[in-house]
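Below is one structure; the comments refer to it alone.
The values are calculated or read from the model by the stated rules, or taken from the named source; none is laboratory data. The structure displayed is predicted, hence computed values, not measured ones. As a convention, Cβ positions derive from the backbone with ideal geometry for all residues, glycine included, and neighbour counts pool all protein chains shown. Accessible surface is based on the protein model in full, side chains and every heavy atom, while ligands, DNA and RNA are left aside. Shrake-Rupley method; radii C 1.70, N 1.55, O 1.52, S 1.80 Å.
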Amino acid sequence: LLGSPVERVRRRNMHAGRATDERLPKESLALSMSFLDVEDVLSCGMVNRRWYSASQENQIWGVLCEALWRDKVYVPKQIRGMANGNPRQAYVESLRDARRQYPTLDELLEFSWCFRFKKSAGPHWIQIDPYWTLDHKGSSIASTIIRKFKADGSLERLDTHEAMRSFAGEAKFKWAVRETTDGDKRFVK
């Protein structure tokens with residue numbers, strides 16, 4: 001069976017592939033891998049030591065980070081910064097961060113937050129919520145209450161709904177970070 005034509009072709013192709021692989025510069029191999037998705041890059045890294053080394057190149061993982069972050073609304077600043085020095089680690093941290101169930105303090109402060117009261121909140125809250133009090137028949141987007149959390153614990157009012165203004169009057173609302181059960185203060189509850 002070793003002398004069969006099929007086996008001879010396999011051996012010839014195996015040796016030819018190895019010779020071609022060794023002549024291809026590592027940078028060219030890495031550039032080729034930068035067009036692959038993460039699963040294929042990881043598979044390429046299992047071919048041999050040389051391919052593994054090429055699959056660890058920063059240029060590949062920088063491209064993969066950008067692809068991962070393309071449709072994200074928020075990527076923590078420390079993870080984005082990590083991409084400059086160690087993009088592979090930034091990719092791993094991004095996947096880990098995606099499993100969070102609470103916003104971080106930085107994330108809370110970054111955005112303007114829209115909300116409305118549920119009908120079950122009762123008539124008092126419903127009458128001051130623009131979602132329930134304004135006529136939305138001509139609009140595909142219902143009005144909401146909009147607030148921005150400030151680092152000093154205050155809330156900035158960004159909407160212009162008078163019902164909410166008359167309810168709040170000159171009252172100052174405060175918010176605070178709560179410590180989690182494991183002592184971690186990064187998460188807001």
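Results, tabulated for the structure shown:
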item: Every pair of residues 6+ apart whose Cβ atoms lie under 6 Å, when the first sits in the stretch 86-101 and is within 11 Å of residue 66 (Cα to Cα) while the second is of a type in the set (Phe, Trp, Tyr) and part of a helix (DSSP H, G or I); result: 87/61; 91/61
item: Where a residue in the stretch 58-69 is in contact (Cβ under 8 Å) with a residue 40 or more places away in the chain and of a type in the set (S, T, N, Q) and its partner, wherever it lies, is surrounded by 17 or more Cβ atoms within 10 Å (Cβ to Cβ) and assigned to a helix (DSSP H, G or I), with Cβ under 7 Å and at least six apart; result: none
item: Some residue of the stretch 64-77 being of a type in the set (Val, Ile, Thr) and either touching a Gly at 6+ places or on another chain (Cβ under 8 Å) or closer than 24 Å to residue 107 by Cβ (or both); result: yes
item: Every residue from the stretch 32-44 that is open to solvent by 60 Å² or more (accessible area, probe 1.4 Å), outside any loop (DSSP other than H, G, I, E, B) and not hydroxyl-bearing (Ser, Thr, Tyr); result: 39, 40, 42
item: Scope the stretch 111-162; condition basic (Lys, Arg), modelled with pLDDT of 85 or more and surrounded by 14 or more Cβ atoms within 10 Å (Cβ to Cβ); matching residues; result: 147, 148
item: Residue check for residue 95: in a helix (DSSP H, G or I), in contact with a strand residue (DSSP E or B) (Cβ under 8 Å, 6 or more places away or on another chain), surrounded by fewer than 17 Cβ atoms within 10 Å (Cβ to Cβ) and modelled with pLDDT of 90 or more; result: no
item: Lone unmet requirement of (1) surrounded by fewer than 16 Cβ atoms within 10 Å (Cβ to Cβ); (2) modelled with pLDDT of 90 or more; (3) part of a loop (DSSP other than H, G, I, E, B); (4) of a type outside the set (Gly, Ala, Ser) for residue 47; result: (2)
item: Within the stretch 50-92, considering residues that are open to solvent by 60 Å² or more (accessible area, probe 1.4 Å) and of a type in the set (Val, Ile, Thr), the one farthest from residue 34 (Cα to Cα); result: 73
